[in-house]
Amino acid sequence: MELAIFAPRVGHHERVAAGPGTEGDYLTSPELHGAFGALLCGLIEEMWRWIGRPSTFWLIEGGPGNGTFAADLLGVAHAAFPRFAATLRIALIERSERLRARQAAALASWAPIVRWLDPAPDSWQPLGMGCVFANELLDAFPVHRVAMRADGLREIYVGLQGNEFAEIEQFPSSTAIGRQLGAGRAQLREGQSGEVNLDAGAWVRAASELLTQGYIFVLDYGEPARHLYGPSHPSGTLRCFRRHVMNRDPYTQVGVQDITAHVDLSAVARAAESAGLTLEGATRQGRLLRRLGLADVADELTEAVPGRVEQRAHRAALRLLSEPSHLGRIAALLFGKAAPPARLAGFAAGVRATAPRPSLIWELRGDPLRLAESM
Ligand SMILES: C[S@@+](CC[C@H](N)C(=O)[O-])C[C@H]1O[C@@H](n2cnc3c(N)ncnc32)[C@H](O)[C@@H]1O
């Protein structure tokens, strides 16, 4: 999986057309509609206020893809929250050189306040106060595949038989695999298989070292261990995407298709707690965006957009962002580092969001609907 995604020249993320977006292989929330970045801008501005309106606030984004979220956030912040915007500095963490170039292009007009960090977590030093943000980063990390057999846990290795890939079951390559499953009280039944992502928790723990104070905010497809390894996923959650079509065979179109697996949220929460972070909120993207004012955005955009077809397209995109059968089921976890316990809109019921005026989203970035007609 590591090689299929990142091998120089031939890995998926190094291919010219690969990546999130309508031209790529899969669609992410910022690539679907500008309302995502605009509503989360209101939430991140609130974080800034909770930690006392520091004069420099770092937005540190892991796995920024095309750079769309950071560009949306900067645009909305400058128009709707100028005092917050004046404090913003952006640090991006990206493994793919090709995507780093795309991010630089998307953020060209903000170049003086944008920098890239070495993606190796052991090189990270504290930057200051702020928020670490990552959307669909952790579920892109390579995983160990495992299967429960009568005589215990086995790891599924990839080997060759002639010129064909072949699966070979052996003892796990690391005791950390069994430990992580055990710590989450995951009980794989005989015959059941699944995936173990050892890097997700480690990344969150390391990323927290980038902040002296603030929040770690991650959005990913994922479930608590007891569901992830429960009967609803008898053969795991590994999925491959090529031009928005999903399949479950990682041995076809190697390097051409993207590969992901759901994140064990219990393991991420344990890693965060072991780093001294406190869980401030856990919800799903649909509920988060609705609490942040998605319905107002939908109403206002519908009025602002000329033409019934376009109006329907906007409504459909906003529904995809929030429906549990689509992007709405993505898990949203918020951790605090040395931050006062927060009641942030989006995570707490009954807290009014300071959402930017919905029409701003339209005015700033042109048509915020990024769904190509070809889809
Ligand atoms: C599924 S994409 C999500 C992109 C973007 N956040 C979005 O929502 O459109 C995953 C991103 O994480 C990057 N990535 C994957 N593993 C990484 C790592 N270990 N460190 C930094 N970036 C990584 C990929 O190159 C890509 O930019």
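The values are calculated or read from the model by the stated rules, or taken from the named source; none is laboratory data. Model, not experiment: these values are computed from the prediction. Neighbour counts are summed over all protein chains in view; Cβ atoms, including those assigned to glycine, are modelled from backbone coordinates with ideal geometry.
Taken over the stretch 49-107, the criterion of being surrounded by 23 or more Cβ atoms within 10 Å (Cβ to Cβ), more than 16 Å from Phe36 (Cα to Cα) and of a type in the set (S, T, N, Q) is satisfied by Gln103 alone. Answer yes or no as to whether Arg242 is surrounded by fewer than 19 Cβ atoms within 10 Å (Cβ to Cβ) and away from the ligand (no atom under 16 Å from the Cβ). For Arg242, the condition - surrounded by fewer than 19 Cβ atoms within 10 Å (Cβ to Cβ) and away from the ligand (no atom under 16 Å from the Cβ) - is not met. Taking into account only those residues within the stretch 133-175 that are assigned to a loop (DSSP other than H, G, I, E, B) and within 16 Å of the ligand (Cβ to nearest atom), which is surrounded by the fewest Cβ atoms within 10 Å (Cβ to Cβ)? Filtering the stretch 133-175 for residues that are assigned to a loop (DSSP other than H, G, I, E, B) and within 16 Å of the ligand (Cβ to nearest atom), the one surrounded by the fewest Cβ atoms within 10 Å (Cβ to Cβ) comes out as Pro142. Just one of the numbered conditions (1) over 20 Å from the mean Cα position of the chain (by Cα); (2) within 14 Å of the ligand (Cβ to nearest atom) is not true of Ala104: (1).
Remark: pairs (first residue in the stretch 139-153, among the β-branched types (Val, Ile, Thr); second residue within 16 Å of the ligand (Cβ to nearest atom) and in a strand (DSSP E or B); Cβ separation under 8 Å; 6+ apart in sequence or on different chains) = Val143/Glu195; Val146/Glu195. Considering the stretch 93-109 alone, what residues qualify as being outside any helix (DSSP H, G or I) and under 21 Å from Glu2 (Cα atoms)? Ile93, Glu94, Arg95, Ser96 - these are the residues of the stretch 93-109 that are outside any helix (DSSP H, G or I) and under 21 Å from Glu2 (Cα atoms). As a summary of the residue check, Leu40 satisfies the conditions (1) at pLDDT 95 or above; (2) surrounded by fewer than 22 Cβ atoms within 10 Å (Cβ to Cβ); (3) within 16 Å of the ligand (Cβ to nearest atom); (4) not aromatic (Phe, Trp, Tyr) except for the one numbered (2). With respect to (1) over 19 Å from Ala106 (Cβ atoms); (2) at pLDDT 95 or above; (3) within 9 Å of the ligand (Cβ to nearest atom), the lone exception for Ile5 is condition (2).
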